[in-house]
């Protein structure tokens, strides 16, 4: 299992979600909460609450009898009215982000701990991975230098996680990272590639780094 690639992939996803573009894209989430969207969908003349409609499209995206290229959310929504297409997309994008970010943050810290304990830093090496991970974990912008106090703060966070996991050995941590599932929309993904394939179908702007 290429767990250093998983660290890079999960960090990359978090960076896209936490980027300025992503924040701008979802600056109105306070007024577009789940409750607000469902209330809007239940107005007179609405056939299905937004949550139920979104779930129906999740099922279609997971339907392997449909060719993969035809399961992109944009294609599936083509028969909906433009206003409803936007609401379903926004609902699913926000829900996916809220579910994935906490899990991926924990997972990336576990992978970093496994690398540190096992000494297996992969092709990028300890220094590059440590600095990059520190930037991501502490949200240090690219134009700011990483100082010793940043590294010390990161070490404190990782030490706390090490305690929570029971001070496992390097090999135990590697296996823990390999076995750790990610849950999205009620489905458990034990294969990171399958999760990435599903996320791609959502076509969320923060995932692709688009405005």
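Exactly one residue out of 206, 163 is within 14 Å of the chain's Cα centre (by Cα), on the phi < 0 side of the Ramachandran plot and either surrounded by 14 or more Cβ atoms within 10 Å (Cβ to Cβ) or part of a helix (DSSP H, G or I) (or both), and it is 206. For the range 141-148, indicate whether the set of residues that are at pLDDT below 95 and closer than 30 Å to residue 49 by Cβ is non-empty. No, the range 141-148 has no match at all. Looking only at residues in the range 166-186 that are assigned to a loop (DSSP other than H, G, I, E, B) and free of Cβ contacts under 8 Å to residues at least 12 places away in the same chain, which one is nearest to residue 96 (Cα to Cα)? Among residues in the range 166-186 that are assigned to a loop (DSSP other than H, G, I, E, B) and free of Cβ contacts under 8 Å to residues at least 12 places away in the same chain, the one nearest to residue 96 (Cα to Cα) is 186.
Return yes or no: is residue 135 crowded, with 16+ Cβ neighbours inside 10 Å and either part of a helix (DSSP H, G or I) or without any contact (Cβ under 8 Å) to a residue 24 or more places away in the chain (or both)? Judged against the criteria, residue 135 is a match. Under the condition of being in a loop (DSSP other than H, G, I, E, B) and more than 19 Å from residue 91 (Cα to Cα), which residue from the range 187-203 is modelled with the lowest pLDDT? Looking at residues that are in a loop (DSSP other than H, G, I, E, B) and more than 19 Å from residue 91 (Cα to Cα), I get 191.
The values are calculated or read from the model by the stated rules, or taken from the named source; none is laboratory data. Everything numeric in this text was worked out from a predicted model, so none of it was measured. Cβ coordinates were reconstructed from backbone atoms using ideal geometry, including for glycine residues, and neighbour counts include every protein chain displayed.
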